[in-house]
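Below: one structure, written as structure tokens.
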Amino acid sequence: MNILFAASEAVPYAASGGLGDVVGSLPKAIAEKGHSCAVVIPLYKSISAEMREDMDFVASITVDVSWRKQYCGIFKAKRNGIVYYFIDNEYYFDREGMYGFYDDCERFVFFGRAVLEMLKYIGFMPDIISCNDWQTALIPVYYNLYYRYQQGYDKLKTAFTIHNIEYQGRYGREVLGEVMGIPPYNAGLLEYDGYINMLKGAIETADRIITVSPQYAKELLDPWYAHGLDRILITKRDKMTGILNGIDVNMYNPETDSAISCNYSKGDTSGKAICKKTLLNELGLSDGDEPVIGIVTRFVGHKGIDLIRCVFEQIVAKGMKFAVLGSGERIYEEFFIEMSRRYPDKVSVTTEFNPVLARKIYAGADMFLMPSMSEPCGLAQLIAMRYGTIPIVRETGGLKDTVRDNGGIDGNGFTFQTYNADDMFDAVRRAKLDYDNGEKWNELVKRAMLCDFSWKSSAEDYIDMFEKMLNS
Ligand code: GLC
């Protein structure tokens, strides 16, 4: 099969979160099983000159954005057996940052249209376009409206993956004609609750909808999780599948990771203690045996930081330390900064996007706290376990699918059910109890490291699903 992954992020070119990791690793895993995979993303300003040097110019074309005719350059580069295409337009993408502009709708309308248009020029016709999140949601819509009957396009199928339902690409009705160039008689494809909703358009028109964990696929039918889209998803549930994300286990490997101070393996975890010592020193925290809780996250509401705020000082009072890395909403940044001032030798916070420090925390912490209100899949808990750091999570989405409570026989972490700070505190307390019983803890660490979170089986699931789509 030929598969094209369209997304707004892909490691190593551009990433702000888990989406970039997945688009950076899943195509490789599918290609290893004998399929041709390509990826297309915008050519952002932040893509370095060094990376641009490896790119070849493919074509320059014109793309319709409603009545506008926009320049679109197509570049390509090859990396690890995958061809990456880049959509260039300086007006839309030569800016600081990837999202958050007043014209994001227009920018990604352009991108979606450009992806379909470029297929005429690149000598690679996919059987499947795998679209990811709202930025690519117009691809299945435009395909159904304008490309399905064009020469060469007739056999193409579209899959749409929801990485997070919270971000929908929701705009006023005026964008339909003025930005998308879609006539009023097709408005029904995108209209939802009085808005034009790009995600709804993809849910309506894609051949298949994927979510990034089986549990999240169930949760999305529940209004508590679905941010308004449960009503449409219930009617489309027959074409929905949940497939768990994997991680790139070569990139995240405590045996070879050069970012950490001492490599270790599940057979010999002794290096982990050295990583902990180095982390404490580097962050200016006091040395000692007390458990260190790592937090690496975006500071946004659904990550459950409100629960952490409620009982933070109680946890510190139990003798635990915190290594926090993240950025986002100011209220949360300020909270952690205040805590690090109050407990300078026990709490450290770094408010930036710092992948190297992230790895040091994954390796050097003892526990990893992720009490998300909702979590489509979550990659951090998988990486933490790969490094033998025990996750403490709320049972939601991918966290529920990947972490089992240590109260049972085959636990690999600690879990709690209700979105409630006391319940979270109880899980932390239980983790501390097991930590204090050294032998039990070592077994738990080994069990977590034995879990296989590679793409191996999920890549098979994707391939099976794509093959079924082509045969239907
Ligand atoms: C989003 C979700 C996260 C998921 C990631 C990759 O960032 O919030 O749970 O792991 O996408 O699919």
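The values are calculated or read from the model by the stated rules, or taken from the named source; none is laboratory data. The structure presented is a predicted model; accordingly, all values stated were derived computationally and were not measured. Neighbour counts run over all protein chains shown; Cβ positions are idealised from the backbone, glycine included.
For residue 205, are the conditions met, namely being among the polar types (S, T, N, Q) and either in the same structural domain as residue 373 (by TED's automatic domain parsing) or under 17 Å from the mean Cα position of the chain (by Cα) (or both)?
Details: among the polar types (S, T, N, Q): yes; either in the same structural domain as residue 373 (by TED's automatic domain parsing) or under 17 Å from the mean Cα position of the chain (by Cα) (or both): no.
No, not satisfied.
As an exercise: evaluate residue 463 against (1) out of contact with any helix residue (DSSP H, G or I) (no Cβ under 7 Å at 6 or more places or on another chain); (2) under 23 Å from residue 29 (Cα atoms); (3) part of a helix (DSSP H, G or I); (4) at pLDDT 95 or above and give the number of the one condition it does not meet.
In the conditions (1) out of contact with any helix residue (DSSP H, G or I) (no Cβ under 7 Å at 6 or more places or on another chain); (2) under 23 Å from residue 29 (Cα atoms); (3) part of a helix (DSSP H, G or I); (4) at pLDDT 95 or above, residue 463 misses (1) alone.
Restricting to the range 130-161, give me the number of residues that are within 14 Å of residue 111 (Cα to Cα) and not in a loop (DSSP other than H, G, I, E, B). First the steps, then the outcome.
Of the range 130-161, the ones within 14 Å of residue 111 (Cα to Cα) are 131-143.
After this cut, where a residue has to be not in a loop (DSSP other than H, G, I, E, B) as well, the list is 131-132, 134-136, 138-143.
Number of matching residues: 11.
Can you pull out every residue in the range 383-400 that is more than 20 Å from residue 455 (Cα to Cα), hydrophobic (A, V, I, L, M, F, W, C) and within 13 Å of the ligand (Cβ to nearest atom)?
393
State whether the residues of the range 52-59 include one that is in the same structural domain as residue 206 (by TED's automatic domain parsing), in a loop (DSSP other than H, G, I, E, B) and of a type in the set (A, V, I, L, M). Break it down stepwise before answering.
Step one: list which residues in the range 52-59 are in the same structural domain as residue 206 (by TED's automatic domain parsing), which gives 52-59.
Add one more test, that the residue is in a loop (DSSP other than H, G, I, E, B), and what stays is 54-55.
Now drop any that are not of a type in the set (A, V, I, L, M), which leaves 55.
The answer is yes; a qualifying residue exists.
I'm trying to understand the selection: among the residues of the range 29-40, which are under 16 Å from residue 126 (Cα atoms) and either within 15 Å of the ligand (Cβ to nearest atom) or touching a residue at least 40 places away in the same chain (Cβ under 8 Å) (or both)?
At the first step, the residues of the range 29-40 found to be under 16 Å from residue 126 (Cα atoms) are 30-31, 34-40.
If the condition is that a residue be under 16 Å from residue 126 (Cα atoms) and either within 15 Å of the ligand (Cβ to nearest atom) or touching a residue at least 40 places away in the same chain (Cβ under 8 Å) (or both), then 30, 31, 35, 36, 37, 38, 39, 40 are the ones that fit.
Among the residues that make up the range 403-418, is at least one of them β-branched (Val, Ile, Thr), touching a residue at least 60 places away in the same chain (Cβ under 8 Å) and either within 12 Å of the ligand (Cβ to nearest atom) or buried (at least 23 other Cβ atoms within 10 Å of the Cβ) (or both)? It would help to see each step written out before you state the result.
Taking the range 403-418 as the starting set, the residues that turn out to be β-branched (Val, Ile, Thr) are 403, 409, 415, 418.
Those still in the list that are touching a residue at least 60 places away in the same chain (Cβ under 8 Å) too: none.
No, that holds for no residue.
Restricting to the range 327-369, name every residue that is more than 16 Å from the ligand (Cβ to nearest atom), surrounded by 16 or more Cβ atoms within 10 Å (Cβ to Cβ) and closer than 17 Å to residue 314 by Cα.
Passing the criteria: 335, 336, 339, 340, 343, 346, 347, 348, 367.
Before we move on, is residue 369 touching a residue at least 12 places away in the same chain (Cβ under 8 Å), under 18 Å from residue 299 (Cβ atoms) and aliphatic (A, V, I, L, M)?
On the way: touching a residue at least 12 places away in the same chain (Cβ under 8 Å): yes; under 18 Å from residue 299 (Cβ atoms): yes; aliphatic (A, V, I, L, M): yes.
Yes; evaluated as a whole, the condition is true for this residue.
Applying the selection to the range 241-265, what residues are crowded, with 16+ Cβ neighbours inside 10 Å and away from the ligand (no atom under 16 Å from the Cβ)?
Result: 254, 257, 260, 261, 262, 263, 264.
Would you tally the residues in the range 266-299 being more than 16 Å from the ligand (Cβ to nearest atom), surrounded by 13 or more Cβ atoms within 10 Å (Cβ to Cβ), hydroxyl-bearing (Ser, Thr, Tyr) and not in a helix (DSSP H, G or I)?
Qualifying residue count for the region: 1.
Is there a residue in the range 13-28 that is within 16 Å of the ligand (Cβ to nearest atom), assigned to a loop (DSSP other than H, G, I, E, B) and touching a helix residue (DSSP H, G or I) at 6+ places or on another chain (Cβ under 9 Å)?
Within the range 13-28, one or more residues are within 16 Å of the ligand (Cβ to nearest atom), assigned to a loop (DSSP other than H, G, I, E, B) and touching a helix residue (DSSP H, G or I) at 6+ places or on another chain (Cβ under 9 Å).
So residue 159 clears everything in (1) more than 16 Å from the ligand (Cβ to nearest atom); (2) in contact with an Asp or Glu (Cβ under 8 Å, 6 or more places away or on another chain); (3) under 20 Å from residue 209 (Cα atoms); (4) of a type outside the set (Phe, Trp, Tyr) except one condition, right? Which one?
Exception for residue 159: condition (1).
Kindly indicate whether any position in the range 370-378 is away from the ligand (no atom under 13 Å from the Cβ) and of a type outside the set (A, V, I, L, M, F, W, C). Break it down stepwise before answering.
As a first pass, look at the range 370-378 and keep what is away from the ligand (no atom under 13 Å from the Cβ): 371.
Imposing the further condition that a residue be of a type outside the set (A, V, I, L, M, F, W, C) reduces the set to 371.
Within the range 370-378, one or more residues are away from the ligand (no atom under 13 Å from the Cβ) and of a type outside the set (A, V, I, L, M, F, W, C).
Given the range 355-456, what helices (runs of 4 or more DSSP H) lie entirely inside it while holding 3 or more residues that are more than 24 Å from residue 214 (Cα to Cα)?
Output list reads 355-364, 421-436, 438-450.
Does any residue of the range 174-190 turn out to be under 17 Å from residue 4 (Cβ atoms), out of contact with any Gly (no Cβ under 9 Å at 6 or more places or on another chain) and of a type outside the set (Val, Ile, Thr)? Show your work before the answer.
Step one: filter the range 174-190 for residues under 17 Å from residue 4 (Cβ atoms), giving none.
The answer is no, given that none of the residues of the range 174-190 is under 17 Å from residue 4 (Cβ atoms), out of contact with any Gly (no Cβ under 9 Å at 6 or more places or on another chain) and of a type outside the set (Val, Ile, Thr).
Step by step: first the residues of the range 209-235, then only those that are more than 16 Å from the ligand (Cβ to nearest atom) and surrounded by 15 or more Cβ atoms within 10 Å (Cβ to Cβ), then the one that is nearest to residue 396 (Cα to Cα). Which residue is that?
My answer is 221.
Hey, could you check the range 162-174 for residues that are assigned to a strand (DSSP E or B) and surrounded by fewer than 24 Cβ atoms within 10 Å (Cβ to Cβ) and say which is farthest from the ligand (Cβ to nearest atom)?
Start the filter on the range 162-174 by keeping residues that are assigned to a strand (DSSP E or B), which leaves 162, 170-171.
Going one step further and asking which of them are surrounded by fewer than 24 Cβ atoms within 10 Å (Cβ to Cβ), we end up with 170-171.
Numbers: 170: 18, 171: 21 Å.
Looking at the filtered set, the residue picked out is 171.
How many residues are more than 23 Å from residue 273 (Cα to Cα) and touching a residue at least 60 places away in the same chain (Cβ under 8 Å) when one looks only at the range 419-451?
Residues flagged as more than 23 Å from residue 273 (Cα to Cα) and touching a residue at least 60 places away in the same chain (Cβ under 8 Å) within the range 419-451 amount to 6.
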